[in-house]
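Heads up, the thing below is written out as structure tokens.
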Amino acid sequence: MSRFMGARYSMFDAYTPGEQPQDRRYIKLNTNESPYPPSPKVRQALNADEVEALRLYPDPECGALRASMAAQLGLDENQLLCGNGSDELLSFAFMAWGSRGAAFADVTYGLYRVLADLHQVKVTNVPLRDGFALDDRDYLGLNRLIVIANPNAPTGRILCLDEIETILKTNPKNLVVIDEAYIDFGGESAMGLIGGYDNLLVVCTYSKSRSMAGARLGFAMGAKAVIDDLVKIKYATNPYNVNALTAAAGLAALHEPGYYRENCRQIQETRRWTTEALTDLGFRVVPSATNVIFVTTDRIGGSELYQGLKQRKILIRHFDIPAIRQYNRITIGTRRQMELLVETIDRMLGDADDGAGPGIAASPDGEEQL
Ligand code: PMP
């Protein structure tokens, strides 16, 4: 850090993204990306005309994309805002509505805490219940910004719509942000509640179910006045927040909803298979409504499992946080990737049981074909 850094930021603990290694090939199950490519129309949309148009600034209103999205979602265009990933929209939300503080789960998406610090928002940690369950009773009448990842990350657990509605009803004086990054993998969106509640913001992303993490495209939905707040902040921070190629790709993706639905179905199926296979190996798997599973076992430590798999070219996620140190978060990949994961873990645990230690088994072969 230079000596010029402002005091407000110099003490600040920033977010640590999951590894995106550029050096060697891994089976990458660490950052909740889709194992499937974007749909064929997205590939066609990123053509020479779009490249030629890069000399111009993009449409700051993201008009074409927003109009199509709104039509598909049954919303008014002014109930929608697109962002540079949902991370950006979450940042806007903390800026816009955090002045009385913000409440979120003690185990949830790590960026919330960072955004709260960045925007000087006082944090109320809401402990999860047994088995990492979210409980609507913990969010009643909090009188400050509430942010809930639903389903939650990294745990995968979910609140139902009735519970979200109770939270909305008992918090009429503050915004309730429902972060639905993973909703397409098994939950019901709170989007349908927007008409009834002027204190609701639903945030979604193209990064997971729509296979476009690299494009950075998120969208937020809420009452017009709520979206207007965020639009104001967007024009004060990053007016052209969605680049032209991303807007074109997002628009194309909208035309193939069936492709993405089928990918989600496949991921749910693979999640079921992986859950059973790891349970057979002695893991406890937290019930998940996302494209990740949160797992633990007494047979090996969380950090050891992460390290051992990394040596064998499989990346999963381990968080060095006391409450979840014994756990690992594993993104659901293709069936073949998950078979390799399970075989590798089985071999590692076998070696550990033989006293050879998990670091000694051979690396899995075959990743090159994945
Ligand atoms: N919300 C949650 C709960 C997430 O896990 C993530 C991904 N890390 C995001 C939001 C951010 O997604 P995006 O790629 O749209 O910024």
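I'd like the isolated cysteines in the chain, meaning no second cysteine's beta-carbon lies under 4.7 angstrom from theirs.
By the Cβ distance rule, which asks for a partner under 4.7 Å, the isolated cysteines are CYS160, CYS204, CYS264.
How much accessible surface does VAL121 have with a 1.4 Å probe, in Å² rounded to 10?
Surface open to solvent at VAL121 totals about 10 Å².
Relative to 2.2 N^0.38 Å, what does the C-alpha radius of gyration of the chain come to as a ratio? Two decimals please.
Values: Rg = 21.2 Å, N = 370, 2.2 N^0.38 = 20.8 Å.
Rounded to two decimals, the normalised Rg is 1.02.
Can you run phi through the Karplus equation (6.51, -1.76, 1.60; θ = phi - 60°) for region 168-181 and list ³J(HN,Hα) in whole Hz, with x for Gly and Pro?
5, 5, 8, 10, x, 9, 9, 6, 10, 9, 9, 8, 9, 3
Shape call for region 186-281 from the C-alpha gyration tensor, a ≥ b ≥ c root eigenvalues: rounded (a/c under 1.5), prolate (a/b greater than b/c) or oblate?
Because a/c hits 1.5 or more and a/b exceeds b/c, region 186-281 counts as prolate.
Please compute the Kirkwood hydrodynamic radius over region 69-220, one decimal place, Å, based on all pairs of different Cα atoms.
Numbers: mean 1/r = 0.0649 Å⁻¹.
After inverting the pairwise mean of 1/r, the radius is 15.4 Å.
Based on DSSP loop calls and a cut-off of at most 16 other Cβ atoms within 10 Å, the longest stretch of the chain free of exposed GluC sites (Glu not before Pro) is what?
189-370
Over the chain, what is the relative contact order in whole percent, taking alpha-carbon pairs under 8 Å and six or more residues apart?
Details: 668 pairs, mean separation 80.6, N = 370.
Value for the chain: 22 percent.
Given a 1.4 angstrom probe, what's the average accessible area per residue across region 49-121, in square angstrom?
In whole numbers, region 49-121 has 45 Å² accessible per residue.
Could you give the accessible area per residue of region 139-276, probe 1.4 Å, as a whole number in Å²?
About 37 Å² of surface per residue is accessible.
Among bridges DSSP assigns within the chain, what percent are antiparallel (round to 5)? Could the numbers behind the result be given before it?
Numbers: 18 of 34 bridges.
In the chain, approximately 55 percent of DSSP beta bridges are antiparallel ones.
Taking springs between alpha-carbon atoms closer than 10 angstrom, which of THR237, THR344, THR270 fluctuates most in the Gaussian network model of the chain?
Among THR237, THR344, THR270, the largest mean-square fluctuation in the Gaussian network model of the chain belongs to THR237.
Going down the list LYS41/LYS310; LYS122/LYS173; LYS41/LYS224; LYS122/LYS169; LYS173/LYS232; LYS41/LYS232, which pairs span over 25 Å between their C-alpha atoms?
LYS41/LYS310; LYS41/LYS224; LYS41/LYS232
If I ignore ligands, DNA and RNA and count only protein heavy atoms, how much of LYS224 is accessible to a 1.4 Å probe, in Å² to the nearest 10?
100 Å²
For region 142-243, what log10 I(q)/I(0) values come out of the Debye formula at q = 0.24 1/Å, with one point per alpha carbon and no solvent?
Computed log10 I(q)/I(0) values: -1.35.
Quick check: at a probe of 1.4 Å, how many percent of the accessible area of region 1-154 sits on carbon and sulfur atoms?
51 percent
The values are calculated or read from the model by the stated rules, or taken from the named source; none is laboratory data. Predicted model, so just to flag it, every value in this text is computed and none were measured. Reconstructed Cβ throughout: ideal geometry from the backbone, glycine too, with neighbour counts over all protein chains shown. Ligands, DNA and RNA are excluded from the accessible area calculation, which covers all protein heavy atoms including side chains. Shrake-Rupley method; radii C 1.70, N 1.55, O 1.52, S 1.80 Å.
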